[in-house]
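> My structure is below; once you've seen it, I'll send some questions.
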Amino acid sequence: MDYSTFPRHDVLCIDMRSFYASVEAVKLGYDPMEAMLAVVGDPNRSGSIVLAASPALKEKYGISNVSRFFELPKDPDIHIVPAHMADYLQVSVEITRLINQYAPKEAIHQYSVDEVWVTLDGLDKLFGSPLEIAKQIKRDIIDSFGITCSIGIGDNKFLAKVVMDLHAKKVGIAECRYEDVEDKLWPFPVEKIWGIGSRMKRNLNRLGIITLGQLARFDLEHLKKRFGIMGEQLYWHAWGIDLSPVFGDFVKHEQKGFGHGIALLRDYTKDEVAVCILDLCEEVCRRARTAGKTGKTIHLGISYSKETGGGFSRSRSIPFPTNVTIDIYHICMQLFSEFYDGFSDIRHVYVTLDNLYDKAETQLNLFEDRSKRNDIGYVMDAIRDKYGSTAILRASSFTDAGVTLDRSKKIGGHYA
């Protein structure tokens, strides 16, 4: 491979080790790398997910982030801590501010709450080589927050991310340039590579591709024919080539739709689910109104309880775009009455509004005065913005079937 035609950058991929567990360990005065600690979504539910396990707990008992609370061993040395999402978000923001002391905002790409890419191009005269900057950032994070991080260094985002996953998590900081790909990446199985999941692994294995090196040497045209554009991307990634932008506004994106869903804590009957659907429609429309958008296509997804299984996912378009809660609710209930099997209990509900229009583009319906219904929604939004998300709610939200009050206490599906 002739790498001379491909761009070279100095990119860091920084990953906080067992981030949630590390934050909780520091709060309790423990060493995050030594303490055995598990962050559980809801310790009151035996089936709740272990959101994070400390490195010591992972090493001793093999606990992973897909384990369940009831799977944790009965060891008195294990600290069980409920999730505090607001704390994790706050620490994440502060870490990003620290990194901003080394690189401008347009060079920082926040990938997740505990992982970030940083482009260091041109910063060597201020702070030294990429390796020196990585060491300093790692020290600053430990000194300021007590949290250990792993850092990968590469010519692009892919190389920085993959060398961080494969090597830096063992040694702290690792570097992989184009010329290092054959030695540092090719020997690894394809499933160890970022972006290759279990299904793609099976598909590649059927072609006799076990390692990344075998993928790099496979015929490109065959990969494109078999997997389309994904096959081409896999091929170039196997050679360490990634043309993703390393500078820019990584937060801004075009909104394709507004969706809201919930995994219910218990099975809902067909009579109860209407309240849940109304609460979800309210949130979807609030977000649409805030963005100045309306939509013409309403989607309702329902999953039944584990005992019966199944469910349905259906959508319907309307003549005039809207962001009025009751409009969306009525369409959802039409879909529910048409496709619900009539007897199954319900465990998951999802509502989406898409096929979006700017509010200014909305056509007026000459046969219906919609202004009052529109105004009600915006007035409710203004009250919530000023006094809190639960300052004004529909009466149904206060019933046992309502979900808004409980959701207001959560961030990312977990209690703040």
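The values are calculated or read from the model by the stated rules, or taken from the named source; none is laboratory data. All figures in this text were calculated on a predicted structure; none of them were measured in a lab. Because the Cβ atoms are built from the backbone with ideal geometry, glycine has one as well, and the counts that use them run over all protein chains shown. What goes into the accessible areas is simple: the full protein's heavy atoms, side chains included, and nothing from ligands, DNA or RNA. Shrake-Rupley method; radii C 1.70, N 1.55, O 1.52, S 1.80 Å.
> Return the equivalent ellipsoid semi-axes of the chain as a descending list in whole Å, where each equals the square root of 5 times an eigenvalue of the C-alpha gyration tensor. Walk me through the numbers before you get to the answer.
On the way: eigenvalues 348, 153, 119 Å².
They are 42, 28, 24 Å, listed from largest to smallest.
> At what distance in angstrom do the alpha carbon centres of the range 69-147 and the range 303-327 lie from each other?
Computed from Cα coordinates, the inter-centre distance equals 39 Å.
> Quick one: accessible surface of ILE142, probe radius 1.4 Å, all protein chains present, in square angstrom to the nearest 10.
Accessible area of ILE142: about 70 Å².
> How much accessible surface does LEU335 have with a 1.4 Å probe, in Å² rounded to 10?
Per-residue accessible area (LEU335): approximately 0 Å².
> Within the set LYS60/LYS138; LYS74/LYS161; LYS138/LYS386; LYS105/LYS135, which residue pairs have Cα atoms separated by over 30 Å?
LYS74/LYS161; LYS138/LYS386
> Counting only the backbone N, which residues of the range 1-42 are under 13 Å from the spot 7 Å out from the Cα of ASP77 toward its beta-carbon?
Only 34-37 pass the distance filter.
> I would also like to ask the following. Could you tell me, in Å, what Rg and Dmax come out for the Cα atoms of the range 80-163?
Answer for the range 80-163, Rg first and Dmax second: 13.4, 46 Å.
> Could you work out how far apart the two model spin labels at ASP87 and TYR378 are, taking each label as a point 7 Å from the Cα in the direction of the beta carbon, and quote it in nm?
Simple spin-label model gives 4.2 nm for this pair.
> Within the range 204-357, how many Lys pairs that are eight or more residues apart, or on different chains, come under 19 Å at the alpha-carbon?
4
> To the nearest 500 deg cm²/dmol, what mean residue ellipticity at 222 nm is calculated for the chain from DSSP H runs of n ≥ 4 alone, each contributing -39,500 (n - 2.57), summed and divided by the residues?
Taken over the chain, the calculation gives -10500 deg cm²/dmol.
> Please compute the modelled spin-label separation between LYS225 and ILE142, points set 7 Å along Cα→Cβ, answer in nm with one decimal.
Result: 5.3 nm between the two label points.
> Same structure, new question: With viscosity set to 1.306 mPa s and temperature to 10 °C, compute the Stokes-Einstein D of the range 24-72, Rh being the Kirkwood radius across alpha carbon pairs; µm²/s, no decimals.
For these conditions, the coefficient is 147 µm²/s.
> Next up: Helix 130-145 versus the longest principal axis of the chain: what is the Cα-based angle in degrees, 0 to 90, to the nearest 10?
Between the helix axis and the principal axis of the chain, the angle is about 50 degrees.
> Hey, for a label at ARG314 modelled as a point 7 Å past Cα toward Cβ, could you say which residues of the range 326-346 have their backbone N under 13 Å away?
331-342
> Related question: When you count, for each residue, the other Cβ atoms within 10 Å and take the mean per peptide, how do 231-240, 150-159 rank with the highest first?
Details: 231-240: 20.8, 150-159: 25.0.
Put in order of decreasing packing, that is 150-159, 231-240.
> Let me ask something else about it. For the peptides 327-334, 244-251, 49-56, 212-219, what is the packing order when you average, over each peptide's residues, the other Cβ atoms within 10 Å and list the highest mean first?
Values: 327-334: 20.1, 244-251: 13.1, 49-56: 22.8, 212-219: 18.4.
Listed from highest to lowest mean packing, they are 49-56, 327-334, 212-219, 244-251.
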